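The values are calculated or read from the model by the stated rules, or taken from the named source; none is laboratory data. Values in this document were obtained by computation on a predicted structure and should not be read as measured data. Because the Cβ atoms are built from the backbone with ideal geometry, glycine has one as well, and the counts that use them run over all protein chains shown.
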Amino acid sequence: MDFASCFPIWDKLTAEEQESLSKGASLRSVPAGTILHNGSSDCLGLVAVRSGRIRAYIVSDEGREITLYRLFEMDLCLLSASCMMRNIQFDITVEAEKDSNIWVIPPDIYKALMEKSAVIANYTNEIMGSRFSEVMWLLEQILWKSFDKRLAEFLLQESAMEETISLKLTHEKIAAHLGTAREVVTRMLRYFQEEGLVKLSRGTIELTDLKRLRKLSQPI
C-alpha cells in the first residue's frame, strides 16, 4: 500500500500539497506494545497506518484503561498530533497493538497544510467527527448496555478481526479494553463457560456458541 492510499482526498490536492505530505512523512516500523503518543503534552504528529493495528485509550487516575477506538490499515490518527488543534487537549495514549508500519507526518507540516487547504481542513474535520462518534458510541455502551452484552460483543469483534474462534486474550487485556476490573471479566467469562458460550484455557478463549453470543450482544 502506498502513502497516497491513506488519503481519499489525494486527487483533490495540488501537486505542491501532495509533495509536502509525501516528503514530510517518515515510515517507521514499531513492534507491538510500543507507545506512540502519551498524553496532551506529547505531540508525535499525524499517524497513518500502513499495516498492523493501533489502539487509542485513556487511563484513569487509578490506572484503569479503556479503549476508545482502534486504527487499521489506511486509518489516520489525529489525536497523536493534538497540539496542532486549538482548544483540543486529550490525555490519550496511542499504542501499537500489533507489529505495525506507520507513516508519521510532523505536526508543523500538517498544520501548515491544513491552514491553507480547505480540502485538507474539511477532511480533518470529517476524521475528528468520525472519532467523536466512536467515543460517543462507547459512552452509550458503558452507560446503557450491561456488561455481559458488552463482553459478548467484544469477543465477537475480536473473533472477526483475528478470523478465528480461538482468541489469545488474557482477562487483564479484556479488562483494559472494556474499562473494568480483571475480576469482573473473569467472573463473567466463567459464567459464559457455564452457559456453554465459551471454553476457557490458559491464555485462550474459544467461542463455542457464536449464535447465542450474537443474540446476547444485541439490545433487548
Handout entry: Residue check for S29: in contact with a Gly (Cβ under 7 Å, 6 or more places away or on another chain), closer than 27 Å to Q18 by Cα and either of a type in the set (A, V, I, L, M) or not in a loop (DSSP other than H, G, I, E, B) (or both)
Key = no
Completion exercise
Flagged in the stretch 90-118 as of a type in the set (G, A, S) and crowded, with 19+ Cβ neighbours inside 10 Å, in numbering order, are A96, S100, S117
Completion exercise
Per the list (1) more than 19 Å from I66 (Cα to Cα); (2) assigned to a helix (DSSP H, G or I), residue check on G196 breaks on (2)
Exercise for the section: Find all pairs meeting these conditions: Cβ atoms under 9 angstrom apart; at least six residues apart or on different chains; first residue within the stretch 55-83 and outside the structural domain of E158 (by TED's automatic domain parsing); second residue assigned to a strand (DSSP E or B) and acidic (D, E). Expected result: R55/E95; A56/E95; Y57/E65; Y57/E95; I58/E65; V59/E65
Practice task
Answer yes if at least one residue in the stretch 209-217 is out of contact with any helix residue (DSSP H, G or I) (no Cβ under 7 Å at 6 or more places or on another chain) and at positive phi, and no otherwise.
Solution key: no
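Residues checked against (1) touching a Pro at 6+ places or on another chain (Cβ under 8 Å); (2) assigned by TED's automatic domain parsing to the domain that holds F72; (3) among the charged types (D, E, K, R):
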{"site": "D11", "(1), (2), (3)": "no, yes, yes"}
{"site": "A15", "(1), (2), (3)": "no, yes, no"}
{"site": "E19", "(1), (2), (3)": "no, yes, yes"}
{"site": "S22", "(1), (2), (3)": "no, yes, no"}
{"site": "A25", "(1), (2), (3)": "no, yes, no"}
{"site": "V30", "(1), (2), (3)": "no, yes, no"}
{"site": "G33", "(1), (2), (3)": "no, yes, no"}
{"site": "G45", "(1), (2), (3)": "yes, yes, no"}
{"site": "V49", "(1), (2), (3)": "no, yes, no"}
Fill in the blank from the handout: Going through the stretch 52-66 in order, the residues found to be surrounded by fewer than 18 Cβ atoms within 10 Å (Cβ to Cβ) and β-branched (V, I, T) are I58, V59, I66
Problem - Scope the stretch 175-216; condition among the polar types (S, T, N, Q) and either loosely packed, with under 15 Cβ neighbours inside 10 Å or not assigned by TED's automatic domain parsing to the domain that holds F154 (or both); matching residues - result: S201, T204
Fill in the blank from the handout: Here the qualifying pairs (Cβ atoms under 8 Å; residues six or more apart or on different chains; first in the stretch 128-151 and closer than 17 Å to L79 by Cα; second part of a helix (DSSP H, G or I)) come out as R131/L79
